Structures are given as structure tokens and as C-alpha cells.
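One structure below.
The values are calculated or read from the model by the stated rules, or taken from the named source; none is laboratory data. Quantities reported herein were computed from a predicted structural model and do not represent experimental measurements. Here Cβ is always computed from backbone atoms with ideal geometry, including for glycine, and neighbour counts include all displayed protein chains.
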Amino acid sequence: MPSLNRRTVIIGAALAAAAALGPWQPVWAQGTPIHLPFITHAAFFSKETQQSVALDPQVFVKDGNAKAETGPQDIRHIDGFRPAHLSDPPATPVFSALGQSLGFSLGQWLGASGAVTITPRGAGATVRVRLTGLVPNGVYSLFENHFDQQPVGFTPLDGSGKRNSFSAKPDGTGAITVHAPQMFTSANAVLLVYHSDRLTHGTSRGEIGVNAHHQLIAKIP
């Protein structure tokens, strides 16, 4: 095994080579792992779309002044609810776009965290994910974002939707290892989807904002 300094040089060289490879290219050498932190999808979405008020487009809070409308990400919500603002009190209960209680608070939802390790293997990669602060016993799936598609595309991380799902433990921790059939590029991200109906949906994420909710994301550099 190479020394820490040598490993740092190897990873640094691989990242530095990205500019020469052009956009949407792999940025690390075969067999060299990359470690990425997850951030909340709410924070990622709000920054990327330059929202005037940072919000989560896929979970909702009660608001007596809110009227039914189509919000960010084309998610339509009913009267009396609006997308949760990141500045709302942490104890605020959250709901689906149809007003169904999700059973936890905004602070609990935004408190999830974790990391992903991606190791190239052949034409694809081994993806190891470790998570905390999940919905206890919640049902989750990992998907891959394709930012080079318009609109943004989503595919199951395993390519088939058969081995990309797991249930969180009672303490809210979770772990899964998935083989991705194709190598990632800077046009991709690893996405954690929570299924509030407790069902996985194969190659589909489910109905976003209703029974499927993006919780965490790790963008490939």
C-alpha cells in the first residue's frame, strides 16, 4: 500500500488532470478511491438554482396563507401547505405535497449526514455509503444524477433498480455497498432518496414530493 504522502500525490494528480480531460470526464485513476461528503439536497438545490429563500422543494409545512400551486421542481402541493424553508423552526412537522404527515420534524429531516467512497472497478465503480440521522427504519434508494441531460436524468445506482435500496436501522444509521456499472464523471452525483410510502420503485424514484423525497446528495467533482 502506498504511503499517505504518495497516495495524496496520486489523488492530487488525478484531480489536477481533470481540466485536461474536458467537461464530464472521470477525474481519478483506476483503483484510486475518492471520498465525498453528502450534503442535504435542500441546500444543494437552493444554491444551484439560486433560490431567493433557501428551501426544500420536496417536503412541505403547514401555512394557512399558502394556496395550491406548482412549486420548484414542478411539484404541485395542495392548499394550506408550502415547501419547507431552511429557516423554518427545526421542530416544524413536515408533510408530503398532498398534506400527508411524514412523521418527523424539519430538523430531523435536515439532520441526516454521511459520506460515500467511490472506487473504480473495471468499467464501473464500487460505491460504499455510510449514513447517520436517517428516518429510523426508513426505506431508501440510491440513484445517480445525470446533469448532462435536460431535464436532469436519474438512474438507479446499480443500473437495474434491484440492489440499490436498503432500510435504515432503528437508530437512524444506514450502510450499503453498490456496484455501479459505469464510471462516474463530473456530470454525475450520488443521490439518496427517501420513500415515505415504504416501497421501492425499481428503476423509478417514485412520485417526487409525494412518496419519494431527495434527502442527501454528493456531487462528483
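Among residues of the stretch 88-104 that are free of Cβ contacts under 8 Å to residues at least 24 places away in the same chain and assigned to a strand (DSSP E or B), those with a Cβ under 8 angstrom from a residue that is surrounded by 19 or more Cβ atoms within 10 Å (Cβ to Cβ) and among the aromatic types (F, W, Y), sequence gap 6+ or separate chain, pair up as S101/F95.
Yes or no, residue by residue, for (1) of a type in the set (V, I, T); (2) out of contact with any strand residue (DSSP E or B) (no Cβ under 9 Å at 6 or more places or on another chain):
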residue: F166; (1), (2): no, no
residue: A175; (1), (2): no, no
residue: V190; (1), (2): yes, no
residue: V193; (1), (2): yes, no
residue: S196; (1), (2): no, no
residue: G202; (1), (2): no, no
residue: E207; (1), (2): no, yes
residue: A218; (1), (2): no, no
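Scanning the stretch 113-154 for residues that are of a type in the set (D, E) and exposed (fewer than 15 other Cβ atoms within 10 Å of the Cβ) yields a single hit, D148. When residues in the stretch 163-221 are screened for being on the phi > 0 side of the Ramachandran plot and either in contact with an Asp or Glu (Cβ under 6 Å, 6 or more places away or on another chain) or surrounded by 17 or more Cβ atoms within 10 Å (Cβ to Cβ) (or both), 3 of them pass. The set of residues in the stretch 62-95 that are closer than 17 Å to V135 by Cβ and touching a His at 6+ places or on another chain (Cβ under 8 Å) is empty.
Just to be sure before I move on: is P83 exposed (fewer than 14 other Cβ atoms within 10 Å of the Cβ), modelled with pLDDT of 95 or more and touching a Gly at 6+ places or on another chain (Cβ under 7 Å) in the structure I sent? Against the criterion (exposed (fewer than 14 other Cβ atoms within 10 Å of the Cβ), modelled with pLDDT of 95 or more and touching a Gly at 6+ places or on another chain (Cβ under 7 Å)), P83 does not qualify.
Okay, residues lined up against (1) within 18 Å of V59 (Cβ to Cβ); (2) among the aliphatic types (A, V, I, L, M); (3) modelled with pLDDT under 95:
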| residue | (1), (2), (3) |
| --- | --- |
| I118 | no, yes, no |
| Y140 | yes, no, no |
| G153 | no, no, no |
| N164 | no, no, no |
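Residue count for the stretch 52-72 satisfying the condition of being over 22 Å from the mean Cα position of the chain (by Cα) and under 19 Å from I217 (Cβ atoms): 0.
If we scan the stretch 21-44, do we find a residue that is assigned to a helix (DSSP H, G or I) and at pLDDT below 95? So far as the stretch 21-44 goes, yes, one or more of its residues are assigned to a helix (DSSP H, G or I) and at pLDDT below 95.
Yes/no per residue for (1) touching a residue at least 24 places away in the same chain (Cβ under 8 Å); (2) assigned to a loop (DSSP other than H, G, I, E, B); (3) touching a strand residue (DSSP E or B) at 6+ places or on another chain (Cβ under 8 Å); (4) not hydroxyl-bearing (S, T, Y):
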residue: G114; (1), (2), (3), (4): yes, no, yes, yes
residue: R128; (1), (2), (3), (4): yes, no, yes, yes
residue: L131; (1), (2), (3), (4): yes, no, yes, yes
residue: L134; (1), (2), (3), (4): yes, yes, yes, yes
residue: N137; (1), (2), (3), (4): yes, yes, yes, yes
residue: Q149; (1), (2), (3), (4): no, yes, no, yes
residue: S160; (1), (2), (3), (4): yes, yes, no, no
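For the stretch 125-146, a tally of residues being hydrophobic (A, V, I, L, M, F, W, C) and under 13 Å from the mean Cα position of the chain (by Cα) returns 5.
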